[in-house]
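The values are calculated or read from the model by the stated rules, or taken from the named source; none is laboratory data. Just so it is clear, the structure is predicted and the values come from calculations on it, not from any experiment. Only protein heavy atoms, including side chains, enter the accessible area calculation; ligands, DNA and RNA are left aside. Shrake-Rupley method; radii C 1.70, N 1.55, O 1.52, S 1.80 Å.
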Amino acid sequence: MWSNGSALGPCFRPTNITWEERRLIASPWFAASFCLVGLASNLLALSVLAGARQGSSPMRSSFLTFLCGLVLTDFLGLLITGAIVVSQHAVLFDWHAVDPSCRLCHFMGVVMIFFGLSPLLLGATMASERYLGITRPFSRPTAASQRRAWTIVGLVWATALALGLLPLLGLGRYTVQYPGSWCFLTMGPEPGDVAFGLLFVFLGGFSVGLSFLLNTISVATLCHVYHGQEAAQQRPRDSEVEMMTQLLGIMVVASICWMPLLVFIAQTLLRTPPAMSSTGQLSRATEQQLLIYLRVATWNQILDPWVYILFRRAVIRRLHPGLSVRPRSLSLQTQLNRRPTMA
């Protein structure tokens, strides 16, 4: 445990930056523009989702509920974290003077973990929902699908919040990060820091990996059904193609945005000798890399709503007119039901 002065809380450690360098890095205009674009994108997606849910089938309604939970999570994440970061960049307040007891830092740390992990867990949940809907269409009840979906979203949020609260219960620590404008988990050699960091990496990486596995099986099942013996008379329903296209887009965006940060955290925590010195200091290169990877991960909250906006049914029809529904086309559930059985 490093020494930071008796009057200061445990979230402060030495950082390799001067006041002038911090002034050059902290751009309130860039941070504000980034947040405004993200908030506007998520609001647009929420408005489109509100219209799409009217008159939708139970299967599609459940999927749209998960999408709504994902977009709402991204919106609130940008709103809360953006308010703190933009304010800090605009005023350049000294975190030591404003938050000596580390309450704001602890709050932001919990928020960063919660809104970082929730989209990944929701992506895995949506992949699981579509996997069951495609491979086992009769295993899920159709009644009260929206209520059940919102319950699952709530459980995902509770899981992410429980993980974010662990440092406040003694497992790991939240500390002010370079350039002094945000708080995140500590990548130090202490057993609690390593355990918490690796737990965050594991849950995030597991969510991405599970999404990839289940989406691959779902797409393979769709291709098998729609290219069987009756393929000449059958076409996939637009809603099924739309949902899988959006789900694949969400998975790709999450992988590109989050995997570099997760891999970097794991590598830093497991580095020998430890990346963090006994005084709590990281090298300038490590501090800068962490900031860059965090900014890349934040793009996930901006790109998620555009995956839904751009991969809607109307856009897919324009790009591939052959995917339009025929009057006598069979749904996936009907096709699976018509598979030959043993006499």
- request: For segment 242-319, compute Rh as the Kirkwood radius over C-alpha pairs and then the Stokes-Einstein diffusion coefficient at 10 °C and 1.306 mPa s; write the answer in µm²/s, rounded to an integer.
  value: 108
Portion, in percent, of the accessible area of segment 247-310 that falls on carbon or sulfur, probe 1.4 Å: 70
query: For segment 87-135, which whole percent of the accessible surface, found with a 1.4 angstrom probe, sits on carbon and sulfur atoms?
result: 65
